[in-house]
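The values are calculated or read from the model by the stated rules, or taken from the named source; none is laboratory data. This is a predicted model, so every value here is computed, not measured. For neighbour counting, all protein chains shown are included, and Cβ atoms are generated from backbone atoms with ideal geometry for every residue, glycine included. SASA here: full protein model, heavy atoms, side chains in, ligands and nucleic acids out. Shrake-Rupley method; radii C 1.70, N 1.55, O 1.52, S 1.80 Å.
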Amino acid sequence: MIAIIDYGMGNLHSVSKAVERLGHEYTFVSDAQELMKAEGAILPGVGAFGDAMKNLWEYGLIEAIRQFAASGKPLLGICLGMQILFDSSTEHGKGEGLGILPGNVDRFHGTYKIPHMGWNKLEFLQDNPIFNGVEEGYVYFVHSYFLQPTDESRAVLLATTDYYQEVPAVVGKNNVYGMQFHPEKSGTVGMKLLENFTSLCQTIRTK
C-alpha cells in the first residue's frame with residue numbers, strides 16, 4: 001500500500017490516477033499513525049512553501065514524515081513536496097522545511113520567464129535505481145522556486161535540467177527522493193520514474 005499524503009496542498013487526483021495506472025493500491029493519508037503503516041509514501045504539493053509547512057503542522061504530520069523517512073521506507077516528494085523536504089525556502093520570507101535533505105530553496109532571479117513552465121530534458125548525474133530503464137527524456141515543470149545547487153546540496157543531486165542555469169530536477173538520499181517536475185504529467189519518462197519508485201516500495205514489502 002502506498003500512502004499519498006493529503007494535507008490540503010497536493011494534486012491528489014493526478015498522482016493517485018498515475019499510481020492506479022501502474023497497478024498499485026494507494027490510500028490518502030492525513031493521519032500520522034496511518035502513514036507509518038504504508039510501505040511507501042508520496043508527498044505531493046502545489047502552492048506556497050510556508051502554507052505547506054503550516055498545513056503539515058496542523059495535520060500533525062511533520063514529525064511523522066521525518067520518522068517515515070528515518071524508517072527506511074521509500075518517500076517521494078513531488079514539486080512543492082520535494083522543496084519542503086529541504087532545510088528552508090526564501091518564499092515569502094525565509095521559512096523552515098522538514099530538514100530531511102540538506103539545502104535551501106530560492107526563487108529564480110532573471111529577466112527570463114518566471115515561473116519555469118514547460119518541458120525540459122533531464123541530465124542524469126548519478127546512477128540510481130530510480131533511473132532503471134529511464135532515458136534522459138523530457139519532463140514537465142511548473143515552478144518559480146528551486147533548490148540552490150550548492151556544495152551542501154550537490155551530494156543529493158541525481159538529475160538536473162537547464163533553465164538559464166542548472167536546476168535540480170531529481171534528488172535522492174538513501175530511501176528519500178524528490179522530483180521538481182510532475183512525473184504524473186510527464187508522459188512515458190515520468191511514468192517510468194514513478195514505476196521505479198513503486199518498485200522500491202514493493203521491495204520493502206518483501207523484506
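The set of residues in the range 100-123 that are touching a residue at least 40 places away in the same chain (Cβ under 8 Å) and open to solvent by less than 50 Å² (accessible area, probe 1.4 Å) comprises Ile100, Leu101, Pro102, Gly103, Val105, Asp106, Phe108, Gly110, Tyr112, His116, Asn120, Leu122.
Does the range 95-107 hold any residues that are over 17 Å from Gly47 (Cβ atoms) and assigned to a loop (DSSP other than H, G, I, E, B), and which are they? Across the range 95-107, the qualifying residues are Gly99, Ile100, Leu101, Pro102, Gly103.
For the range 28-52, a residue qualifies if it is open to solvent by 10 Å² or more (accessible area, probe 1.4 Å) and in contact with a strand residue (DSSP E or B) (Cβ under 6 Å, 6 or more places away or on another chain), and the qualifying residues are Phe28, Gly50.
Residue count for the range 59-70 under the criterion of being open to solvent by 30 Å² or more (accessible area, probe 1.4 Å) and touching a residue at least 40 places away in the same chain (Cβ under 8 Å): the result is 1. Collect the residues in the range 67-104 that are within 17 Å of Val156 (Cβ to Cβ) and of a type in the set (A, V, I, L, M), keeping them in residue-number order. Residues satisfying the conditions are Ala69, Ala70, Leu75, Leu76, Ile78, Met82, Ile84, Leu85, Leu98, Ile100, Leu101. Filter the range 178-207 for residues that are open to solvent by less than 20 Å² (accessible area, probe 1.4 Å) and hydroxyl-bearing (Ser, Thr, Tyr) and give the result. Scanning the range 178-207 gives Ser186, Thr198.
Among the residues making up the range 166-177, a single one is in a loop (DSSP other than H, G, I, E, B) and either open to solvent by less than 30 Å² (accessible area, probe 1.4 Å) or under 19 Å from Leu80 (Cα atoms) (or both): Asn175.
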